[in-house]
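Visitor: What follows is a structure written as structure tokens; I'll ask about it next.
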Amino acid sequence: ERAWSDAVTRTFNAELTRVARAGGAQVVDLYDPFKAGGQVDPAPLLLDDGDHPHAQGHRVIADAILRALEF
């Protein structure tokens, strides 16, 4: 199930990125910061619900956004 879920996530992210960029949006990848290319379990960055980031997860998101904004 974990491999299937990861494949679905990657497919969805690729399509979302394609559509967003086609519309002129900048996209910030959070897959790699949270999952290191699928090699890391992101659970330590999430609340007990397994979906939403807690404070450390939000720091990961903020860092990724700041890196994307650097010119």
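Visitor: Specify which residue in the list 12, 25, 55 is farthest towards the positive end of the charge dipole of the range 1-58, using unit charges on the beta carbon of Lys, Arg (+1) and Asp, Glu (-1), about the Cα centre.
Guide: The one lying farthest along the dipole's positive direction is 25.
Visitor: What part of the accessible area of the chain, given as a whole %, is carbon or sulfur when the probe is 1.4 angstrom?
Guide: 59
Visitor: Find, to one decimal place in angstroms, the Kirkwood hydrodynamic radius of the chain, where the mean of 1/r is taken over every pair of different Cα atoms and then inverted.
Guide: 13.2 Å is the Kirkwood radius here.
Visitor: Efficiency by 1/(1 + (r/R0)^6): what FRET value for residue 52 and residue 26, r their Cβ-Cβ distance, R0 = 25 Å, to the nearest 0.05?
Guide: Step by step, r from the Cβ atoms, then E = 0.60.
Visitor: Taking H placed 1.01 Å from N in the peptide plane, check which residues at least 5 places from residue 46 or on another chain put their amide H under 5 Å from its amide H.
Guide: 54
The values are calculated or read from the model by the stated rules, or taken from the named source; none is laboratory data. Remember, it's a predicted structure, so these values are computed and weren't measured experimentally. Glycine gets a Cβ as well: all are built from the backbone with ideal geometry, and neighbour counts include every protein chain shown. Ligands, DNA and RNA are stripped out before the accessible areas are found, and what is left, the full protein with its side chains, is counted by its heavy atoms. Shrake-Rupley method; radii C 1.70, N 1.55, O 1.52, S 1.80 Å.
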